[in-house]
Each structure stands twice: as structure tokens, then as C-alpha cells.
Amino acid sequence: MIVLKTPDGKKVVLNSSTDECLYRAPQNVNGIDTTRGTDLYRHVSRKGNVYYYFYHWSMWQGESCDYQLISEEKAKEFLLENAGFSYPWGLSDRERKRAEELFPGIFEEDA
């Protein structure tokens, strides 16, 4: 559990154990451990406000892990960027389905 402040100074209590994970970076691919990654989470406060955040993690000794509140738009951009990669680097079927539920039309062409 970690407490971060929003740009307007409100405290948000985040918990990556209970908050919804929208994207989990691969930690083991074909028997090879990945040593760094960024996971995307969605937190709904007791008041019903929705917050998105990154959890930047590392398995390297001496490197710290970090939480970062981000905007909804940045969360969408992150999902779109990762949708371009094949699984396990990209979105799983479950992650893609949830992204479409939260952000209808996210993967539709608009050009």
C-alpha cells in the first residue's frame, strides 16, 4: 500500500494487491526472466473517483520500484502502445477485452 498525492493535493491510497491490473508486464518469457517492467493499474476510491497508475518494477539490486499516478489519456495511450506487440509482450486476451470495456472503441481505426 502506498499513498500518493494528485496534482490538486488530494491523497490517494493505492494497493497493487487489490487494485485492478489492466496490464502486467511479462516477468518470465520462455524461461528467461525479465528484470524490469511497467504494470498499469486502475484504482477506484471510496468516493468513486477513478485513478490510473503505473507500477515501475525492477529485479535489479539497488534499483527501486516506483508508483506514478497518470491521466486516463496516458493509460489509454499505454494500452494502445502495448496492443501493438504480440503476447506476452503485448496485451493478453483478458487485458484487451477489459480495455475495450473501459474505453469503448479504443482499438477502432479513426483515421
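The values are calculated or read from the model by the stated rules, or taken from the named source; none is laboratory data. As the structure is a computational prediction, the values presented were derived from the model and not from experiment. In this analysis, Cβ positions are derived from the backbone assuming ideal geometry, glycine residues included, and neighbour counts consider all displayed protein chains.
Scan segment 93-105 and tell me whether some residue there is over 25 Å from MET1 (Cα atoms), part of a loop (DSSP other than H, G, I, E, B) and either among the hydrophobic types (A, V, I, L, M, F, W, C) or at pLDDT 95 or above (or both).
Checked segment 93-105: at least one residue is over 25 Å from MET1 (Cα atoms), part of a loop (DSSP other than H, G, I, E, B) and either among the hydrophobic types (A, V, I, L, M, F, W, C) or at pLDDT 95 or above (or both).
Considering only residues that are within 16 Å of the chain's Cα centre (by Cα), at pLDDT 85 or above and over 18 Å from ALA83 (Cβ atoms), look in segment 33-49 and name the one that is surrounded by the fewest Cβ atoms within 10 Å (Cβ to Cβ).
Per the stated criteria, the residue is VAL44.
Filter segment 62-79 for residues that are free of Cβ contacts under 8 Å to residues at least 12 places away in the same chain and assigned to a loop (DSSP other than H, G, I, E, B) and give the result.
GLY62, SER64, CYS65
Results for (1) among the hydrophobic types (A, V, I, L, M, F, W, C); (2) in contact with a Ser or Thr (Cβ under 8 Å, 6 or more places away or on another chain); (3) modelled with pLDDT of 95 or more, shown as yes or no for each residue.
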{"residue": "LEU22", "(1), (2), (3)": "yes, no, yes"}
{"residue": "GLY31", "(1), (2), (3)": "no, no, no"}
{"residue": "TYR53", "(1), (2), (3)": "no, no, yes"}
{"residue": "MET59", "(1), (2), (3)": "yes, yes, no"}
{"residue": "GLY62", "(1), (2), (3)": "no, no, no"}
{"residue": "LEU69", "(1), (2), (3)": "yes, yes, yes"}
{"residue": "GLY84", "(1), (2), (3)": "no, no, no"}
{"residue": "TYR87", "(1), (2), (3)": "no, no, no"}
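Is it the case that PRO26 is modelled with pLDDT under 95, surrounded by 10 or more Cβ atoms within 10 Å (Cβ to Cβ) and in a loop (DSSP other than H, G, I, E, B)? Full working, then the answer.
Values: modelled with pLDDT under 95: yes; surrounded by 10 or more Cβ atoms within 10 Å (Cβ to Cβ): yes; in a loop (DSSP other than H, G, I, E, B): yes.
Against the criterion (modelled with pLDDT under 95, surrounded by 10 or more Cβ atoms within 10 Å (Cβ to Cβ) and in a loop (DSSP other than H, G, I, E, B)), PRO26 qualifies.
Go through segment 1-17 residue by residue and tally those that are of a type in the set (Val, Ile, Thr) and either in a loop (DSSP other than H, G, I, E, B) or touching a helix residue (DSSP H, G or I) at 6+ places or on another chain (Cβ under 7 Å) (or both). So that I can check it myself, show each step before the final result.
Going residue by residue through segment 1-17, those that are of a type in the set (Val, Ile, Thr) are 2-3, 6, 12-13.
Adding the requirement that they be either in a loop (DSSP other than H, G, I, E, B) or touching a helix residue (DSSP H, G or I) at 6+ places or on another chain (Cβ under 7 Å) (or both) leaves 6.
Residues that pass the stated criteria total 1.
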